[in-house]
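Visitor: First the structure, then my questions, so here it is.
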Amino acid sequence: MILRLICLVTLLITGWGEKNVNHKKMEPVDFYIKITRKVFGRPATITIVQSDRLEVQLFTPRAITPGEVKERRLTPEETQAMSEFMKTFPLEDLKEHYIYGGVKDGTELHFLIRVDQFEKNIFIGNYYQDDLGILVQEIVKLFSRDYIGYYRENVPFPEKN
C-alpha cells in the first residue's frame, strides 16, 4: 500500500503522462500499413490499414489475385486509437529483415509501413519481433477475426537480434 502511494505521489509530482500542457489532442498522423502473409511463397492474405479504412484480401491456394475482399471504414475512435499508437511506434528503429534460418518454410510476412512521410519495408521469416507483434495485435482488434496469425506462440523459434 505504501509503495502504491509513493508511486502515485511521484507520478503527480513529475507530471507523468502530461505530454501536452494545454490538454488539446495532438494532430493525428497519416498512416498506411500493408501486411502480406505468404504460404509456400504465395499470398494467403493481404491486410491493409489506412488512416480511414481497413481491408483484407483473402487468396485461395495457388491464386495470384484475391478470391474475396473485405473492407470497411474505420470509426473515428478506431482512427484516433491507431493514430495514437502509430505516433509512438518505433518504425525507424526496426530492421528491414528478421529471419530465423533454421526452418525452410513457415511464417513469412511482408510489412509495408508508412507513418506520415517515413516508410519502411520489413520482411519476417520464421521470427517473432516484439514491436511488430504488438502492431499486429492492435490491427487484429479492428477485425472480427485474426487474418494475420502472427503471435509468439505461432513462431516458436529463438529470437535473435
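The values are calculated or read from the model by the stated rules, or taken from the named source; none is laboratory data. Treat the numbers as computed from the prediction; the structure is a model and nothing was measured. When we count neighbours, we look across all protein chains shown, and the Cβ atoms used for this are built from the backbone with ideal geometry, even at glycine.
Visitor: Considering only residues of segment 43-102 that are assigned to a loop (DSSP other than H, G, I, E, B) and among the charged types (D, E, K, R), which is surrounded by the fewest Cβ atoms within 10 Å (Cβ to Cβ)? Quick ask: steps written out before the conclusion?
Guide: Going through segment 43-102, the residues assigned to a loop (DSSP other than H, G, I, E, B) turn out to be 51-52, 59-67, 74-75, 89-90, 94-96, 100-102.
With the extra rule that they be among the charged types (D, E, K, R), the set shrinks to 52, 62, 95-96.
On the way: Asp52: 11, Arg62: 7, Lys95: 11, Glu96: 9.
Here the answer is Arg62.
Visitor: With the requirement that a residue be under 22 Å from Ser51 (Cβ atoms) and among the aliphatic types (A, V, I, L, M), what does segment 81-100 give you?
Guide: Across segment 81-100, the qualifying residues are Ala81, Met82, Met86, Leu91, Leu94.
Visitor: Given the conditions (1) in a helix (DSSP H, G or I); (2) in contact with a strand residue (DSSP E or B) (Cβ under 6 Å, 6 or more places away or on another chain); (3) among the β-branched types (Val, Ile, Thr); (4) without any contact (Cβ under 8 Å) to a residue 24 or more places away in the chain, which single one is not true for Ile139?
Guide: (4)
Visitor: Take Asp130 and decide whether it is in contact (Cβ under 8 Å) with a residue 40 or more places away in the chain and loosely packed, with under 13 Cβ neighbours inside 10 Å.
Guide: Taking the combined requirement at face value, the residue does not satisfy it.
Visitor: I'd like to verify a number: residues in segment 103-118 that are without any contact (Cβ under 8 Å) to a residue 40 or more places away in the chain and outside any loop (DSSP other than H, G, I, E, B), how many? It would help to see each step written out before you state the result.
Guide: Just the residues of segment 103-118 that are without any contact (Cβ under 8 Å) to a residue 40 or more places away in the chain, to begin with: 104, 117-118.
From the residues that got through so far, the ones that are outside any loop (DSSP other than H, G, I, E, B) too are 118.
Residues in segment 103-118 being without any contact (Cβ under 8 Å) to a residue 40 or more places away in the chain and outside any loop (DSSP other than H, G, I, E, B): 1 in total.
Visitor: Go through (1) modelled with pLDDT under 95; (2) in contact with a helix residue (DSSP H, G or I) (Cβ under 9 Å, 6 or more places away or on another chain) and name the single condition Met82 misses.
Guide: (1)
Visitor: Yes or no: Asp116 of a type in the set (Asp, Glu) and on the phi < 0 side of the Ramachandran plot? Lay out the reasoning, then the answer.
Guide: Working: of a type in the set (Asp, Glu): yes; on the phi < 0 side of the Ramachandran plot: no.
Criteria not met by Asp116.
Visitor: Is it true that Asn20 is over 18 Å from Glu138 (Cβ atoms) and modelled with pLDDT of 95 or more?
Guide: no
Visitor: Of the conditions (1) farther than 14 Å from Ile33 by Cα; (2) surrounded by fewer than 11 Cβ atoms within 10 Å (Cβ to Cβ), Glu108 clears all except one; give me its number.
Guide: Here Glu108 meets the rest and fails (2).
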